[in-house]
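A.B. asks: Here it is, the structure, as structure tokens.
The values are calculated or read from the model by the stated rules, or taken from the named source; none is laboratory data. Predicted, not measured: the structure shown is a model, and the values here were computed from it. As a convention, Cβ positions derive from the backbone with ideal geometry for all residues, glycine included, and neighbour counts pool all protein chains shown. When the accessible area is computed, the model is the full protein with side chains, heavy atoms only, and any ligands, DNA or RNA have been set aside. Shrake-Rupley method; radii C 1.70, N 1.55, O 1.52, S 1.80 Å.
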Amino acid sequence: MAKRLAVAASDALKADGLRIAELDTSGRPGFVGDKKAGTELLAKRALVLSDLQEKLYANGRSGDKRSVLLVLQGMDTAGKGGIVRHVIGSVDPQGVDHAAFGVPTPEEKRHHFLWRIRKALPRAGQLGVFDRSHYEDVLVVRVHNLVPSTEWEPRYDEINAFERELVDEGVTLVKVAMFVSLDEQKKRLAERLERPDKYWKFNAADIDERAFWPAYQAAYQTMLDRTSTAYAPWHVLPADHKWYSRLAVTELLIEALERLELDWPPATFDVEEQRRRLAQA
């Protein structure tokens with residue numbers, strides 16, 4: 001039997017009362033084992049995730065309005081792209097709605113900050129993935145003073161109300177804040193400069209952003225304190241070990257899907273009649 005995380009991921013990674021400044025970004029909460037064991041377990045758990053996601057998709061095709069939305073937030077190089085590739089990549093792409101949020105376009109800037117988010121919400125039966133999200137508007141916006149505090153400060157309450165609305169409409173939110181150390185980030189940026197196949201991922205602005213690390217820590221702490229709710233809690237993920245990050249997010253998604261108590265939708269036709277018709281065709 002596959003060895004699971006020693007503690008349920010939702011408990012091991014809970015944000016309640018956590019102080020980012022004290023977080024061990026190289027830690028592996030809830031898992032006892034090395035990289036080899038974690039990688040082997042990930043392969044097994046990916047099959048479980050794939051089966052559950054297919055049930056979600058099948059039920060969506062049969063009228064079930066529920067969906068799951070994975071929200072990934074983290075500094076550059078935290079591993080959000082790797083989660084999308086290695087975790088979400090293990091499920092049926094037909095059942096995935098993926099959105100990556102960068103700098104708002106001129107059109108998006110003319111609307112309320114949640115306008116572009118609402119347009120990207122997962123459809124019924126879909127596993128949605130936000131690579132960055134509406135939280136950019138209380139993180140980057142705050143750190144770089146892009147708008148006055150009187151504008152971004154009320155957004156915490158707006159976000160809570162928005163997420164309450166989503167949950168009431170059948171969206172299960174899985175919010176993951178990913179954290180790497182300054183040293184690990186520097187190592188990952190250096191790798192992008194050493195490998196031609198990684199040049200495309202390098203952004204010179206990422207080096208400039210390192211100077212704002214304390215400001216980002218403060219912004220993330222407020223984000224966790226103000227928007228981790230009973231209906232949409234934050235999970236804090238130490239992300240120095242990519243293999244652990246992928247395993248932990250896989251477990252969080254499995255837990256979320258299991259709570260939906262999904263089963264295969266029943267046939268909407270007479271099975272025996274169709275068997276007879278097929279035998280005669």
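A.B. asks: With every protein chain left in place, what is the accessible area of TYR216 in Å² (1.4 Å probe, nearest 10)?
C.D. replies: Probe radius 1.4 Å; accessible area of TYR216 about 10 Å².
A.B. asks: Considering the convex hull of the alpha carbon atoms of region 148-197, report its projected area averaged over all viewing directions, in nm², one decimal. Kindly include the intermediate steps, with their values, before the conclusion.
C.D. replies: On the way: hull surface 26.5 nm².
Result: 6.6 nm².
A.B. asks: Run the dipole for region 1-127 about the Cα centre, Lys and Arg Cβ at +1, Asp and Glu Cβ at -1, nothing else charged, and hand back the magnitude in debye, nearest 20.
C.D. replies: On the way: 21 positive and 14 negative charges, 48 e Å.
Result for region 1-127 is approximately 240 debye, rounded to the nearest 20.
A.B. asks: From the cross-link list LYS80/LYS119; LYS36/LYS65; LYS44/LYS201, which pairs have alpha carbons spaced over 32 Å apart?
C.D. replies: Cα-Cα > 32 Å for LYS36/LYS65; rest within.
A.B. asks: Students sometimes get this wrong: rank GLU165, GLU107 by accessible area, probe 1.4 Å, all chains present, largest first.
C.D. replies: Per-residue accessible area, sorted high to low, gives GLU107, GLU165.
A.B. asks: Of the options VAL236, MET223, VAL167, report the single residue whose Cα projects farthest towards the positive end of the charge dipole of region 121-245 (beta-carbon charges: Lys, Arg +1; Asp, Glu -1).
C.D. replies: VAL236
A.B. asks: Counting only protein heavy atoms, what percent of the accessible surface of the chain is carbon or sulfur at a 1.4 Å probe?
C.D. replies: 52 percent
A.B. asks: If the elastic network links every pair of Cα atoms under 10 Å, which of ASP206, ASP137, ASP270 fluctuates the most in the Gaussian network model of the chain?
C.D. replies: So, out of ASP206, ASP137, ASP270, the one fluctuating most is ASP270.
A.B. asks: Next up: DSSP beta bridges in the chain, what fraction antiparallel, as a percent rounded to 5?
C.D. replies: Of all bridge pairs located within the chain, approximately 5 percent are antiparallel.
A.B. asks: THR150 accessible area, nearest 10 Å², 1.4 Å probe?
C.D. replies: Rounded to the nearest 10, the figure is 120 Å².
A.B. asks: Something else about it: What shape does region 1-127 take by its C-alpha gyration tensor, where a ≥ b ≥ c are the square roots of the eigenvalues and a/c under 1.5 counts as rounded, a/b above b/c as prolate, and the rest as oblate?
C.D. replies: Since a/c reaches 1.5 but b/c is at least a/b, the shape of region 1-127 is classed as oblate.
A.B. asks: Using alpha carbon centroids, what distance separates region 126-155 and region 107-121, in Å?
C.D. replies: So the separation of the two Cα centres works out to 12 Å.
A.B. asks: How would you classify region 61-142 from its alpha-carbon gyration tensor, with a ≥ b ≥ c the square roots of the eigenvalues: rounded for a/c under 1.5, else prolate if a/b is greater than b/c, otherwise oblate?
C.D. replies: Since a/c reaches 1.5 but b/c is at least a/b, the shape of region 61-142 is classed as oblate.
A.B. asks: Only four residue types carry charge here, +1 at the Cβ of Lys and Arg and -1 at the Cβ of Asp and Glu. Report the dipole size of the chain about the Cα centre in Debye, rounded to the nearest 20.
C.D. replies: Dipole about the Cα centre, nearest 20: 700 debye.
A.B. asks: In units of 2.2 N^0.38 Å, what is the alpha-carbon radius of gyration of the chain?
C.D. replies: This ratio for the chain stands at 1.08.
A.B. asks: Right, something else. Using Cα pairs under 8 angstrom and six or more residues apart, how large is the relative contact order of region 174-281, in percent?
C.D. replies: Working: 51 pairs, mean separation 43.9, N = 108.
Rounded, it is 41 percent for region 174-281.
A.B. asks: Next question. Using only alpha carbon pairs under 8 Å that are at least six residues apart, calculate the relative contact order of region 85-150 and give it in whole percent.
C.D. replies: 37 percent
A.B. asks: Now for a separate question. Would you mind working out the accessible area per residue for region 83-125, using a 1.4 Å probe, and quoting it in Å²?
C.D. replies: It amounts to 60 Å² per residue over region 83-125.
A.B. asks: Okay, next question. If I take all pairs of Cα atoms in region 80-235, what percentage of them are more than 18 Å from each other?
C.D. replies: So the pairs more than 18 Å apart make up 66 percent of the total in region 80-235.
A.B. asks: Under a 1.4 angstrom probe, counting protein chains only, how are ARG45, ARG210 ranked by accessible area, largest first?
C.D. replies: Largest accessible area first, the list is ARG210, ARG45.
A.B. asks: A further question on this structure: Report the far tail of the P(r) of region 237-281, meaning the percent of Cα-Cα pairs longer than 15 Å.
C.D. replies: Percentage above 15 Å: 66.
A.B. asks: Can you tell me the accessible area per residue over region 137-281, all protein chains present, probe 1.4 angstrom, in square angstrom?
C.D. replies: Computed with neighbouring chains in place, this is 53 Å² per residue.
A.B. asks: To the nearest 10 degrees, how steep is helix 35-61 against the longest Cα principal axis of the chain, on a 0 to 90 scale?
C.D. replies: 60 degrees
A.B. asks: Next question, about the same structure. Need one value: the accessible area of ARG164 in square angstrom, 1.4 angstrom probe, rounded to the nearest 10.
C.D. replies: Accessible surface of ARG164 is approximately 90 Å².
A.B. asks: Based on Cα positions only, what radius of gyration and what Dmax would you give for region 7-48, in angstroms?
C.D. replies: Taking only Cα atoms of region 7-48, I get Rg and Dmax of 12.5, 36 Å.
A.B. asks: If you don't mind, there's one more thing I want to ask. Under 8 Å for C-alpha pairs, at least 6 residues apart: give me the relative contact order for the chain, rounded to a whole percent.
C.D. replies: So the answer I get is 33 percent.
A.B. asks: To continue, here is another question. Give the dimensionless ratio obtained when the Cα radius of gyration of region 35-78 is divided by 2.2 N^0.38 Å. Don't skip to the end; give the middle numbers.
C.D. replies: On the way: Rg = 14.8 Å, N = 44, 2.2 N^0.38 = 9.3 Å.
Region 35-78 yields a ratio of 1.59.
A.B. asks: If you don't mind, there's one more thing I want to ask. Mean-square fluctuation check for the chain, GNM, Cα pairs under 10 Å: which of SER181, SER149, SER228 is largest?
C.D. replies: Answer for the Gaussian network model of the chain: SER149.
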